[in-house]
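**Student:** Sharing a structure here in structure tokens format.
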């Protein structure tokens, strides 16, 4: 038995892109109407220095946290985030949680690329996903970094609107 194929009403292919409201067009063309903010993804390049290596001659696991911090600040500069301004207004951004998975070792003089992108933004907190890769594409580590905005009185506080640059906002549907 042949299954019936759903098709849109005559002429709906053209109307769907212009916002046709028939139930068939709504389901068939919904993916074309989704609006996306372009997710900002920033890459920072670092070359492994001798003092970052441990007795096994690879990058010490704690050093990866420094790499991630450096890349996040690089990301904020690229996103035109006014870090000095938010601090001057009495706010601080604190890392509250890092979930890091070490995959492969990096060694002296390896060129590393740290990709940083926002994946979550709420009223007082956000999250970045960061990946550290070698020049050949080998992933050394992946991390999810949660941060929060804190006012000078020590309490978590909503991020002021003037500091919510587009680069901080993750992709939305």
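Read-outs throughout are calculated quantities, based only on the coordinates presented, and are distinct from any laboratory measurement. Since this is a predicted model, take the numbers as computed values, not measurements. Note: ideal-geometry Cβ built from the backbone for every residue, glycine included; neighbour counts use all protein chains shown.
**Student:** Order these by the 10 Å Cβ neighbour count, fewest first: 44, 96.
**Tutor:** 96, 44
**Student:** Compute the distance in nm between two label points, each set 7 Å from the Cα along the Cα-to-Cβ direction, one at residue 41 and one at residue 82.
**Tutor:** Reported label-point gap for residue 41 and residue 82 is 3.0 nm.
**Student:** Please give the peptides 62-73, 157-168 ranked by average Cβ packing (other Cβ atoms within 10 Å per residue), highest first, as a rough proxy for protection.
**Tutor:** Packing order, densest peptide first, comes out as 62-73, 157-168.
**Student:** Evaluate E = 1/(1 + (r/R0)^6) for residue 70 and residue 136, where r is the Cβ-Cβ distance and R0 equals 22 Å; express this FRET efficiency to the nearest 0.05.
**Tutor:** 0.55
**Student:** Dividing the convex hull volume of the alpha carbon atoms of region 76-173 by its residue count, what do you get in Å³ per residue? Can you show the working numbers first?
**Tutor:** Details: hull volume 12.7 nm³, N = 98.
Spelled out: Cα convex hull of region 76-173, divided by residues, is 129 Å³.
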